[in-house]
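We did not get these values from a lab; they are worked out from the coordinates using the rules stated. Small disclaimer: the values here were computed from a predicted structure and weren't measured. Note that we place each Cβ from the backbone using ideal geometry, even for glycine, and neighbour counts take in every protein chain shown.
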Amino acid sequence: MKTKIKLMSLVTILVLFSSGCSGLNALAPSNAEAAKQQQAAPTSTPLALTENAPQNGVIAAYEGTLEEIYQRVNPSVVNIRVVQKNSAADSSGGNLPQSPFFNFPNQPQQPSVPQYSEGLGSGFVWDSEGHIVTNNHVVDGADKIQVTFADGTVLPAKLVGADSYSDLAVIQVDPKLVQLQPILAVDSNNVKVGQLAIAIGNPFGLSGTMTVGVVSALERTIPAGESTNSQGPMYSIPDVIQTDAPINPGNSGGVLLNDQGQLIGVTAAIETTSGANAGIGFAIPSAIVQRVVPALIKNGSYQHPFLGISGTTLTLDLAKAMNLPENTHGALVVEVIPNGPADKAGIKGSDRQVKIDGQDVRVGGDVIIKINDTVVQTMDDVIAYLSDHTEVGQTVKLTVLRDGKEKVLEVKLEARPNSQNTQYNATASAGVWMGISAVTLNAEIDKALNLPDNTHGLLIQQVQSGSPADEAGLRGGYKPINVNGEQILIGGDILLKVDGKEINSVAQLQRLLAEKQAGDQIALTIMRDDQVQEVTLTLTEKPAQNP
C-alpha cells in the first residue's frame, strides 16, 4: 500500500549579517555519456553472502564494494551553497525554503544592516555540458549559487530550470573550468525492498559523506513543494523510495545509489521529530528524474498532467457512510477544482458532511475505481498513474461509482497550474476578485492558535492593498510560526462562513466565488481576537495586474 508522508526538507540554512555569520525507465538521452563512463569504469560485484564464504572474506568484499563505489561516484557529487539578499527588515529568511533546519538567531536586528540567507545542499553532475541536478528547495529563491566539486574546485552556477512539483532543479557551471564526471541513472522501477542503498552528499556541510542502509519501502508519497502554498491545491510526489541510509540536513539533492553505484534516487526529505536522522529518509525516484531533468534543460520547466481534484482513499468507514459495500475500494473525490479538467468532464465532488470517530468528514462524491484499464485501490494510485502513464493533452477514461452505480467519464488532462495561475487562485474566480491569501485550518493549526478542536475555516495570511478585502477591513497575519515544519502567519482574521455557509477549505471558497459576479456583496463571518464578527464585502473584477 502506498503511504502518504509528511516530510521535512534537508536544506541547511543559516542567516548571515554584514558583521559575520551565525549560525530521478531506460537511460535518458541526456545521461548517455554517463553510461559510457560507467561501462569504462570498473564494475563492482554485488555483495553475495554464502554459507561457504569465510566471515572475514565477506566483510572484505563488502568493504571493497563500498570503497570502489565511493571512489568512482564521489567526484560526481557536489556541494551547493546558495545566498539570498533580503530586505533589512525581513527576519524570516527571505524566500529561501522554510524548514525545521533554519537557524534564525535570536538577536536584535538593525534596519540599516544588510541581511543574507545562506543555504547548503548537495547535487550531482548530469552531463559533460556542466548541468548539475539538485532539489528545487535547495536553490529556490537564491540570488547566488556556488558549486564546490570533490577536488576543491569552486565555480559559480546559474539556474537552468526548476520544478517545485517534483522538487527537482538543474543548475549549470562552465564545463571548460572543471573535469566533469556524469553519474549513471538507472530505472528505479526495478528497485526492490531490502536492496542496498548508498547515499553520498554533504550533511551539515560535511562534503563527500557516504552512508549505507537498505531500501526500506517503495511507493511512498510525499508532499510536493507547492503543497505548502496556501493559494492552491495540494500536490504530491509519487513512487518515492524510503531508506534507512542515514541522511541529514545538507543531503538535499544528493544521490541514492544501488550496489553498482548507479543512481536510483535523489535524497530529498526525512521523517523526524528531532530535526536529524531517525532512520526514515526519502528519495525522489530516478524514473521521475529521467523524465523531468531533460525537460528542465531544454525548456526550463516541466508540465505535469493535471486532473483537477483533491481526494482521499476510500476507507471502510467512508464506504459505510456512503452505503457502499464494505469491500469497495477506490479514491473518493472530495473537491473538484473550478474550471479544471475534472470539473469540465462532470466529475462530482463530495457534497455532505458526516462524523466519523468524532471528526467531520466530507462524503458523497464520485469514487474513482479505475483509470483507463488500471484498477484504483487508493488515492495514491491515481497520483502515480497520472505521473507515470499520462501526459498533458491526453484523454483518460475514469470509471467512477456515483450513488452506487458505475459511470465512465472522459477527462482531457491539462497542464498543472502554478501558484500564480488565477484560474485556480484561492482568492479569485473567473471574473471576480477578493484579494486574500489563506490557509485551511487543521488540527495542528487549531492547536497552535488555541482554538477549540475541529474549528473549521480559513486563516487569512495576506490582504492585498486596495483589494475588496482591504476595503472591508479584513486583516492578514503578521507573526510567523512553524506548524509541522511549515511556516504560517498568525494574527490575521479567521474566515468561518460566507453568506451563512461554513467554509471548510480553500477549494470550497474558490467554487463559491466562481458563482459570483463583480458587484455582488457577500456576508463574511470572521473570528478576530476570539470574537465572532460579521463583515460585508463587495466583490470586484480582477485587476489586470493582479496575479
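Structural remarks
- Charge dipole of region 117-232 (Cα centre as origin; +1 on each Lys and Arg Cβ, -1 on each Asp and Glu Cβ, all else neutral): 220 debye, rounded to the nearest 20.
- Prolate is the label for region 157-205, because the ratio a/c of its alpha-carbon gyration tensor axes (a ≥ b ≥ c) is 1.5 or higher and a/b is greater than b/c.
- Summing charges over neighbours of Ala345, with a neighbour being any other residue whose Cβ is under 14 Å away from its Cβ, gives +2 when K and R count +1 and D and E count -1.
- Cross-link check: pairs Lys348/Lys370; Lys397/Lys497; Lys355/Lys405; Lys479/Lys516 evaluated at a Cα-Cα cut-off of 27 Å; pairs beyond the cut-off: Lys397/Lys497; Lys479/Lys516.
- Taking every DSSP beta bridge that has both ends in region 425-541, the antiparallel portion is near 100%.
- Charge dipole (debye, nearest 20) of region 425-541; +1 at Cβ of Lys and Arg, -1 at Cβ of Asp and Glu: 120
- Region 425-541: C-alpha gyration tensor shape, a/c 1.5 cut-off, then a/b vs b/c: prolate
- For Lys85, a cut-off of 12 angstrom between C-alpha atoms picks up these aspartates and glutamates, skipping any fewer than 8 places away in its own chain: Glu118, Asp143.
- Local electrostatic count, Ala443, Cβ distance below 12 Å [Lys/Arg +1, Asp/Glu -1]: -3
- By the count of neighbouring beta-carbon atoms within 10 Å, fewest first, Phe149, Phe282 end up ordered Phe149, Phe282.
- Fewest-first ranking of Phe306, Phe204, using other Cβ atoms within 10 Å as the exposure measure: Phe204, Phe306
- Projected label distance in nm at Val483 and Asp529, using a 7 Å step from Cα toward the beta-carbon: 2.2
- Ignoring aspartates and glutamates fewer than eight residues from Lys412 along the same chain, the ones with Cα atoms less than 19 angstrom from its Cα are Glu335, Asp343, Asp366, Asp373, Asp381, Asp388, Glu391.
- Dipole magnitude (debye, nearest 20) for region 305-415, charges at Cβ of Lys, Arg, Asp, Glu: 360
- The ranking of Asp381, Asp343 from fewest to most other beta carbons within 10 Å of each one's beta carbon is Asp343, Asp381.
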